[in-house]
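The values are calculated or read from the model by the stated rules, or taken from the named source; none is laboratory data. Please read these numbers as outputs of a predicted model, since none were measured by experiment. Neighbour counts are summed over all protein chains in view; Cβ atoms, including those assigned to glycine, are modelled from backbone coordinates with ideal geometry.
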Amino acid sequence: MTVAHYFSSNYAEAREKFQTACQQRGLKVDSRRNPVAKGAAGEDLFMDIAQIGPTGAHKVLFLMSGTHGVEGYCGSGAQIGMLEEGYFTDLPDDTAIVLVHAMNPYGFSHDRRVNEDNVDLNRNFLDFTKPDRPDGGYARIHPYILPEDWDGPARRDANKQLAMFIEQNGMKAFQAAVSGGQYQHQDGVFFGGHKPTWSNETFRQVVRDYANEAETVGFIDFHTGLGPYGYGELISLGSLDQKGLAADWFGDDVTDPDAGTSSSAPVVGTVGHGVAETLPNAAIAFIALEYGTRDLNQVLTALRGDNWLYHKGELGSDLGTRIKADIRDAFYPDEEAWKAKVWARACDVTDRALAGLARAG
């Protein structure tokens, strides 16, 4: 049997597999329901948490899936595989593992990257009491990111305008403008929100509940959509201290968007910044484990299409069906070769994180 059976075809299946794997390991699942949203089939939505190891441990490693909804198939598969394979059965003293399944269950169920409010969770961990919100140049291109039609002249004209922007400013500048995080256009992509989302507030509470006494904490947040096919890039996010500890754990594998060494543009309001605020006295290593899927242009087009569909299109139309298939494929290639790469890298990175945690004083 290949590792493909760890992965799922929808959120409900993934959740059932995760709960079953936890039950088989004798683990209690802490389920926190999203009170404001339902799934694609009308189901209740949950962020599920399971802990392996002692309560109150001073060394804790979090493995998180579904921060970006549709990307959750990847991290969920890794979490389920590790549970079924018997990982974490012989942890060092004073060490705990916390599995957080479906950080953004709405996006997971609906095959969307965003949450129920069109918010990108990884741009939402911002201080919303401050009046100044970053834009990163997004306002210039928003009308072309969200054209009036998707299969007609408006999109063709929008594509020409975006191509002109790229020609004049370069692809990296375009990626930064699109994906860095923006807070003015609620109907746009990479929208960070106007207030903390349910997922934001719930995850912060989970971190407090499970790592309140921790002195050293690692986070591996599973993502997809950037980089070479199947390769898991170790993107270091957060403060300089966080990046320093991540470099100590993972060495030269670590990339940094702020230093220009990552496939990701620099971004604001990340989960990494949120955990630093939540655990101000802990030493933290935060890694976004980012797996490549398709060509960057294909991924960005899929994101634009999904955003257009929910603001200007018809979900049940033939065009809507094609758009939903495109975004799912852009973030979850349903191919055994890709899943095998995801699994192997996930195991390697987790082992290295545990080794780094063991070296902590």
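Of note:
- Test for residue 18: is it within 22 Å of residue 351 (Cβ to Cβ), touching a residue at least 12 places away in the same chain (Cβ under 8 Å), in contact with a strand residue (DSSP E or B) (Cβ under 6 Å, 6 or more places away or on another chain) and part of a helix (DSSP H, G or I): yes
- Looking only at the range 93-116, residues that are part of a loop (DSSP other than H, G, I, E, B) and over 18 Å from residue 303 (Cβ atoms) come to 4 in all.
Yes/no per residue for (1) within 21 Å of residue 343 (Cα to Cα); (2) within 20 Å of the chain's Cα centre (by Cα); (3) not assigned by TED's automatic domain parsing to the domain that holds residue 315:
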{"residue": "27", "(1), (2), (3)": "no, no, yes"}
{"residue": "34", "(1), (2), (3)": "no, yes, yes"}
{"residue": "39", "(1), (2), (3)": "no, yes, yes"}
{"residue": "54", "(1), (2), (3)": "no, no, yes"}
{"residue": "62", "(1), (2), (3)": "yes, yes, yes"}
{"residue": "94", "(1), (2), (3)": "no, no, yes"}
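- Residue within the range 288-303 that is free of Cβ contacts under 8 Å to residues at least 12 places away in the same chain and either part of a loop (DSSP other than H, G, I, E, B) or at positive phi (or both) present: yes
- Within the range 216-237, the set of residues being surrounded by 22 or more Cβ atoms within 10 Å (Cβ to Cβ) and of a type in the set (Gly, Ala, Ser) comprises 218, 225, 232, 236.
- Test: residue in the range 303-323 that is of a type in the set (S, T, N, Q), surrounded by 19 or more Cβ atoms within 10 Å (Cβ to Cβ), touching a Leu at 6+ places or on another chain (Cβ under 8 Å) and under 20 Å from residue 115 (Cβ atoms): yes
- Flag if residue 90 is out of contact with any Pro (no Cβ under 8 Å at 6 or more places or on another chain), in a loop (DSSP other than H, G, I, E, B) and without any contact (Cβ under 8 Å) to a residue 40 or more places away in the chain: yes
- Members of the range 1-23 that are among the aliphatic types (A, V, I, L, M) and in contact with an Asp or Glu (Cβ under 7 Å, 6 or more places away or on another chain): 4, 12, 21
Matching residues to (1) small (Gly, Ala, Ser); (2) at pLDDT below 95; (3) not assigned by TED's automatic domain parsing to the domain that holds residue 278:
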position: 218; (1), (2), (3): yes, no, no
position: 224; (1), (2), (3): no, no, no
position: 234; (1), (2), (3): no, no, no
position: 237; (1), (2), (3): no, yes, no
position: 241; (1), (2), (3): no, yes, no
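- The range 18-30: number of residues that are surrounded by 15 or more Cβ atoms within 10 Å (Cβ to Cβ) and closer than 22 Å to residue 202 by Cα: 6
Residue by residue, here is whether (1) of a type in the set (Asp, Glu); (2) closer than 15 Å to residue 191 by Cα; (3) touching a residue at least 40 places away in the same chain (Cβ under 8 Å) holds:
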site	(1), (2), (3)
110	no, no, yes
122	no, yes, yes
125	no, yes, yes
130	no, no, no
137	no, yes, yes
148	yes, no, yes
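- One residue stands out in the range 117-140 among those that are surrounded by 20 or more Cβ atoms within 10 Å (Cβ to Cβ) and modelled with pLDDT of 95 or more: the one that is nearest to residue 58 (Cα to Cα), namely 125.
- Residue under evaluation residue 190, criteria (1) under 22 Å from residue 46 (Cα atoms); (2) touching a Gly at 6+ places or on another chain (Cβ under 7 Å), criterion not met: (1)
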